Amino acid sequence: MFNLILFGPPGSGKGTQSEKIIERFGLKHISTGDLLRLEKAAKTELGLEAAKYMDNGKLVPDEVMIGIISSVMDANPSIPGFLFDGYPRTVAQAEAMDHLLELKGHSITRMIALTVREDELVRRLLMRGQVSERPDDRNTEVISARINEYHKKTKAVADYYAKADKVVYLDGEGSIEEIFERITKEIDSCTEKQFNGGSTKT
Ligand code: B4P
């Protein structure tokens, strides 16, 4: 299995690039942000609870997220690999996911971390706020809260995977196509190593 984490701060292009990656590589896309927004739109108990955090720029509690990931992974037993977009966002979530994969005899193959300057993140999110229904993209205070959560709780997830030598940082600025090309090169080099018996096998 080829299991990829697309990582980065809010607005770094995770959702945008994920759409292109799944189309090219046929991975199963798991976006925890999209899953939560679906629950919210359906007004389920989980969605209404999650909205209290999301609308204020806070992370949804780990125990809720770990349950969601576990059921999506169980529902997809025979796929070539997962693309995790926006998950894990805390070290506790990373440990839980590693444990789940290990139980199935797999592991994370690679984490691609997109780097983007903070003023560019804010600019992109406010732009999306003008055209989308997302309340968390319309308010600069909520955007700042999301970026703060990233620095306080999420950034450490890259250090966690760096210890296992699984992280590559890619420049997340430039055109969407340029960034996709950087990502594609990285995935191609990982899959080559995987098939040639290199160190990135899972
Ligand atoms: P997400 O849905 O994951 O949203 P995000 O991080 O804000 O956006 P993303 O990074 O995917 O957006 P993109 O850059 O593609 O999370 C929303 C909320 O859900 C979180 O705040 C949290 O409350 C909750 N949540 C989700 N997962 C969780 C978890 N695991 N644990 C706890 N809570 C969780 O797009 C941004 C904009 O930039 C777009 O308009 C796009 O068009 C534009 N853009 C992209 N690439 C560009 C480029 N190269 N140049 C110019 N613009 C670009």
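The values are calculated or read from the model by the stated rules, or taken from the named source; none is laboratory data. None of the values given here were measured: they were computed from a predicted structure. Cβ coordinates were reconstructed from backbone atoms using ideal geometry, including for glycine residues, and neighbour counts include every protein chain displayed.
So that you can scan it fast, the table gives a plain yes or no per residue for (1) aliphatic (A, V, I, L, M); (2) touching an Asp or Glu at 6+ places or on another chain (Cβ under 7 Å); (3) without any contact (Cβ under 8 Å) to a residue 12 or more places away in the chain:
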site	(1), (2), (3)
Arg124	no, no, no
Asp137	no, no, no
Ala162	yes, no, yes
Glu181	no, no, yes
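Take region 159-190 and flag every residue that is more than 17 Å from the chain's Cα centre (by Cα), away from the ligand (no atom under 11 Å from the Cβ) and of a type in the set (Gly, Ala, Ser).
Those that are more than 17 Å from the chain's Cα centre (by Cα), away from the ligand (no atom under 11 Å from the Cβ) and of a type in the set (Gly, Ala, Ser): Ala164, Ser189.
Out of curiosity, is Leu103 within 24 Å of Met65 (Cα to Cα), out of contact with any Cys (no Cβ under 8 Å at 6 or more places or on another chain) and either free of Cβ contacts under 8 Å to residues at least 60 places away in the same chain or surrounded by fewer than 16 Cβ atoms within 10 Å (Cβ to Cβ) (or both)?
On the way: within 24 Å of Met65 (Cα to Cα): yes; out of contact with any Cys (no Cβ under 8 Å at 6 or more places or on another chain): yes; either free of Cβ contacts under 8 Å to residues at least 60 places away in the same chain or surrounded by fewer than 16 Cβ atoms within 10 Å (Cβ to Cβ) (or both): yes.
It is true that Leu103 is within 24 Å of Met65 (Cα to Cα), out of contact with any Cys (no Cβ under 8 Å at 6 or more places or on another chain) and either free of Cβ contacts under 8 Å to residues at least 60 places away in the same chain or surrounded by fewer than 16 Cβ atoms within 10 Å (Cβ to Cβ) (or both).
Within region 40-63, which residues are free of Cβ contacts under 8 Å to residues at least 60 places away in the same chain, surrounded by 15 or more Cβ atoms within 10 Å (Cβ to Cβ) and within 11 Å of the ligand (Cβ to nearest atom)?
Across region 40-63, the qualifying residues are Lys40, Ala50, Ala51, Tyr53, Val60, Asp62.
Of all the helices (runs of 4 or more DSSP H) wholly in region 121-202, which have at least 1 residues that are at pLDDT below 95 and among the charged types (D, E, K, R)?
Once the helices (runs of 4 or more DSSP H) in region 121-202 are filtered for at least 1 residues that are at pLDDT below 95 and among the charged types (D, E, K, R), what remains is 176-195.
Every residue in region 115-163 that is among the hydroxyl-bearing types (Ser, Thr, Tyr) and within 21 Å of Ile176 (Cα to Cα), please.
Within region 115-163, Thr115, Ser132 qualify.
Under 6 Å between Cβ atoms, at least 6 apart or on separate chains: pull out the pairs that start in region 9-32 with a residue that is farther than 21 Å from Lys152 by Cα and near the ligand (Cβ under 9 Å from one of its atoms) and end on any residue that is assigned to a strand (DSSP E or B) and of a type outside the set (D, E, K, R).
From residues that are farther than 21 Å from Lys152 by Cα and near the ligand (Cβ under 9 Å from one of its atoms), the pairs are Ser18/Leu6; Ser18/His29; Ser18/Leu83.
Can you tell me which residue within region 146-194, out of those that are crowded, with 17+ Cβ neighbours inside 10 Å and of a type in the set (Gly, Ala, Ser), is farthest from Asp62 (Cα to Cα)?
Among those that are crowded, with 17+ Cβ neighbours inside 10 Å and of a type in the set (Gly, Ala, Ser), it is Gly172.
Identify all residues within region 84-136 that are within 9 Å of the ligand (Cβ to nearest atom) and of a type in the set (Ser, Thr, Tyr); write none if there are none.
Tyr87, Thr90, Ser132
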